1. Near residue 67, within a Cβ-to-Cβ distance under 13 Å, what is the net charge of the other residues, with Lys and Arg +1 and Asp and Glu -1?
2. For an R0 of 30 angstrom, estimate the FRET efficiency from the Cβ-Cβ distance between residue 124 and residue 9 and round to the nearest 0.05.
3. Arrange 37, 50, 4, 117 by Cβ neighbour counts within 10 Å, fewest through most, would you?
4. Using the Karplus curve 6.51 cos²θ - 1.76 cosθ + 1.60 with θ = phi - 60°, what ³J(HN,Hα) values do you get for each residue of the range 7-20, in whole Hz, with x for Gly and Pro?
5. List, in order, the whole-Hz ³J(HN,Hα) value for each residue of the range 64-70 obtained from phi through the Karplus relation with A = 6.51, B = -1.76, C = 1.60 and θ = phi - 60°; use x for Gly and Pro.
6. What is the local net charge at residue 117, summed over the other residues whose Cβ is closer than 12 Å to its Cβ (Lys, Arg +1; Asp, Glu -1)?
7. Counting other Cβ atoms within 10 Å of each Cβ, which trypsin sites (Lys or Arg not before Pro) in the range 44-91 have at most 14 and sit in a DSSP loop?
8. Would you please classify the overall shape of the chain from the alpha carbon gyration tensor, given that a ≥ b ≥ c denote the square roots of the eigenvalues, rounded means a/c under 1.5, and beyond that prolate means a/b larger than b/c while oblate covers the rest?
Amino acid sequence: MRGTLNDQSLIYLQIARMLEDDILRGVYQEEDQVPSTNELARGYNINPATAAKGLNLLAADGILYKRRGIGMFVAKGAEEAVRRKRKAAFYNGYVKPLVKEGASLDLTGAELLDMITQAMKEEKA
């Protein structure tokens, strides 16, 4: 178990995010078992119900699945599912507001793309 919890967002969302991060980094691969509710609760000193909520959120998204009596496992295609989920969140949380703000400043599409291209160049430098 990696990562530390903070006060920035709900704990169960942080648990889910950390597991997603581990899936993207290859720590957990398809069909690997992830830490149990009790292991997460002990490791992060949280209520087991909170840990279960994080795991169940990922199960509802099809990223994890439950083997009755055994635990939670990484679903087939989980890495791609996490990427799709994160790309959609990025689009809705950053791209759409960026375009809206650009429109309020009367930026053309070309100007906005130029700004993005410049920012990407600066990020690589």
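FYI, it's all coordinate maths here, none of it is from the lab. All values derive from a computational prediction rather than experimental measurement. Here Cβ is always computed from backbone atoms with ideal geometry, including for glycine, and neighbour counts include all displayed protein chains.
1. Working: positive: 66, 68; negative: 31, 32.
Within the 13 Å Cβ shell, the charges total 0.
2. That pair, residue 124 with residue 9, gives E of 0.55.
3. Final ranking by Cβ density, sparse to dense: 4, 117, 50, 37.
4. 9, 6, 8, 4, 4, 5, 5, 5, 4, 4, 5, 5, 5, 4
5. In residue order, the calculated couplings are 10, 9, 9, 9, 3, x, 10 Hz.
6. -2
7. 68, 76
8. Numbers: a/c = 2.67, a/b = 2.26, b/c = 1.18.
Note, shape of the chain comes out prolate.
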